[in-house]
Structure formats: C-alpha cells, structure tokens
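What follows draws every value from the coordinates through simple rules; no lab data is involved. No experiment lies behind these values; they were computed from the predicted model shown. Every residue, glycine as well, gets a Cβ built from its backbone with ideal geometry; the counts of neighbours run over all protein chains shown.
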Amino acid sequence: MSSDKEFSVSDDAKALVNDIIERNNWDPVVDVRYSPGSQVGDGYASKHVAVEIVTSKETIRLFIKYALNTDTSSFESVAKFYANETFFYDIAYPAYSKFLTEKNVQDVFRNAPKCYGTSSKYIIALEDLKYKGFCLFDRTKIMDEKHISLMLKTLAKFHATSFAFKEQNREEYDKLVENCAGDLFSQQPKDAPTIKMFYETLADTLGKLDPEEDNSGEVCW
C-alpha cells in the first residue's frame, strides 16, 4: 500500500480504511493511496485525507476526516461535534431516509454524502464528492444569494424531515435522540468566545438589513 512520504495518516484512520475494504469485500485491492483531502486551513478541528482504493475493476475514492489534538483540554467540545456527526451518519440519516422512502416523498432531503464507516477514534469516512463536481465555496468571498437560498432550502428540508419523523414516529424518535450528544450551542457558557462571536455577527447582519426591502420586520433575540 502506497502513500505520499511527506503526508502522514494516523494508524487509526488506516485501520478504518482496512475495515471498510474488508466489509465491502473489495478484493483484490491493488493499492491504497493517501493524499491531502483539502487545502491547509480548510479543516478547523480535523485533518482531511483523500483515499483512493484501487482494485482490479475500479477505484473507490473516500474522504476521511479525523480529529486533531485529542489529548488537549479543549478537545471535549470537538469530541461532542464528532459524536453528533457520527450520530447523524450512523443513525439519524439512515432512519430519516427509510422514513422518506416509506412515505414515497420525492422532493426531500437527500443531500448527505455516502458514509462508508465511522470509528470511535473520532474518524469518519465519506465518499469523496470532489469527483462528482462539488467543491468548497471560497470562504474569502461573500456568498451570493443563489447559494444562500439553496443552502437554506436544503436545511429546511432536513428540519422538516426531522419534525415529520418526530410527529409520526414518536417512540422511534425518542429512542433515536438518546444517542445524540445534544445541542452544543446551548451547552456553552454565555460568555464563551463562540457565543459572543455569533451574537456580534448576528447584530452586525441585522443592522445592515432594510426593514422594508428585506422584509425582516421586528427581530427579537
């Protein structure tokens, strides 16, 4: 198995890749290649790794993310983020997808990449969407209205699915959320830097809206 000599990948991440290969019976595997999965600075709390699993018939491309600095005092919040993301891919999204299929709803939330596997070592392996034409939006630029609208509509579909699932499958929903790490935003102290940054950004944004043109009305928070 080959890898870039200047690019290191954790043993735990490689172990997850090997487990994925065995579970999917991708045999014979000719080579496994590791390379940087994103530009420097794109992962705020994680390392991104692109993986090419080469077989005699095809090449399977994965995008792996795993937590950094797991031995620091600030890792607790990062661990909760990973716990919730793992919960989404392992439990919530499969349950929601099954629910939507049973209801035969067409225009729904199907906007999550395929998850090949997760690890208790704070590692998540997804399909590499770069090869489907997707790319990260340039964070140094202001997002245009079309992107913002698409993002909000997609989030609305996701939350609508959650509300419908809760309403129509309450017992299953209650069991499902037992595995969730909780709302990390509300769990933080009110004077936490991230909370202050959020409210400062919100206040700045609201101050730039036109009550009539933007139809914002009165906003209370």
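Taking the numbered list (1) within 16 Å of the chain's Cα centre (by Cα); (2) over 23 Å from Asn84 (Cα atoms); (3) surrounded by 14 or more Cβ atoms within 10 Å (Cβ to Cβ) in turn, Phe134 passes all entries but (3). Just one of the listed residues (Phe163, Phe87, Phe185) is out of contact with any helix residue (DSSP H, G or I) (no Cβ under 6 Å at 6 or more places or on another chain) and touching a residue at least 24 places away in the same chain (Cβ under 8 Å), and it is Phe87.
Residues that are in contact with a strand residue (DSSP E or B) (Cβ under 8 Å, 6 or more places away or on another chain), over 17 Å from Gly37 (Cβ atoms) and surrounded by fewer than 17 Cβ atoms within 10 Å (Cβ to Cβ) within the range 8-25 comprise Ala15, Asp19, Arg23, Asn24, listed in sequence order. Just one of the numbered conditions (1) under 21 Å from the mean Cα position of the chain (by Cα); (2) within 23 Å of Val105 (Cβ to Cβ); (3) of a type outside the set (D, E, K, R) is not true of Phe198: (2).
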